[in-house]
Amino acid sequence: MSALGSVEPLSVAPPEIPMNFIDPKELDIPNHGTKNRYKTILPNPHSRVTLKTKSCNDLLSSYINANYIRGYLGDEKAFIATQGPMVNTVNDFWLMAWQEEAPVIVMITKLKEKNEKCVLYWPEKRGIYGKVEVLVNSVRECEHYTTRSLTLKSGNQTRDLQHFWYTSWPDHKTPDTTLPLLQLMGDLQLEGFVDVLSITCRLRADRGGMIQTGEQYEFVHHALRLYESRLSAETGQ
């Protein structure tokens, strides 16, 4: 028996879930707009990531358009969702990765699609971004995605990080096939019941606008169904 529900209501489900976009007035941070890629996609205040800076009064330096996302088991800070870095926020992005001890970065946008979606925020081999140095140890390019093994340095400390770039994900649409996504999900485990509708609600509660269209919603469900089938075949269940 499938751990996923029926796909039939998926075409009507997303509009019934509030997008949960916030009013800019809810962010009492002067000039925060200079660090936002889009005017309508802002970090929900209750789950917003705050950068640790020397001055607690420097609100703009502590601001980044990013939110903590709750995990499957209830961890309040299991993941972080953020916008594609801008020229003036690249240092903030790497500071956040260092501060939050992120082991993995998953990027599902192209650098440019009609308009700029994200600046090139990683180096070819070595780069210094504020207080964080980024070293590229290896690169593996596949047809639909690229993986990079990175080392971050700050002071006398170093940390390893994996960067996954899903290069074939179109903006506001869905990929033509789920197979590349399934390859990226290879280390995940599916167990119990997965309620895609409930997860979408939780995602939007933490960060407004997550999973924006019915097409994207159905793609998530379809990918999970295929992944479940693959796991069942591998385990003989």
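The values are calculated or read from the model by the stated rules, or taken from the named source; none is laboratory data. These figures come from a predicted structure and were not determined experimentally. Here the Cβ is made from the backbone with ideal geometry for all residues, glycine too, and neighbour counts use every protein chain on show.
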Kindly provide the set of residues from the stretch 38-78 that are within 23 Å of Asn115 (Cα to Cα) and touching a strand residue (DSSP E or B) at 6+ places or on another chain (Cβ under 7 Å), ordered by number.
-> Leu42, Pro43, Ile64, Asn65, Ala66
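Could you tell me how many of the residues in the stretch 27-40 are under 18 Å from Ser62 (Cα atoms) and modelled with pLDDT under 90? Talk me through it step by step, then tell me what you get.
So in the stretch 27-40, the residues under 18 Å from Ser62 (Cα atoms) come out as 27-37.
Add one more test, that the residue is modelled with pLDDT under 90, and what stays is 28.
Counting residues in the stretch 27-40 that are under 18 Å from Ser62 (Cα atoms) and modelled with pLDDT under 90 gives 1.
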Identify, by number, the condition in (1) at pLDDT 90 or above; (2) within 17 Å of the chain's Cα centre (by Cα); (3) among the charged types (D, E, K, R) that Arg70 doesn't meet.
-> (1)
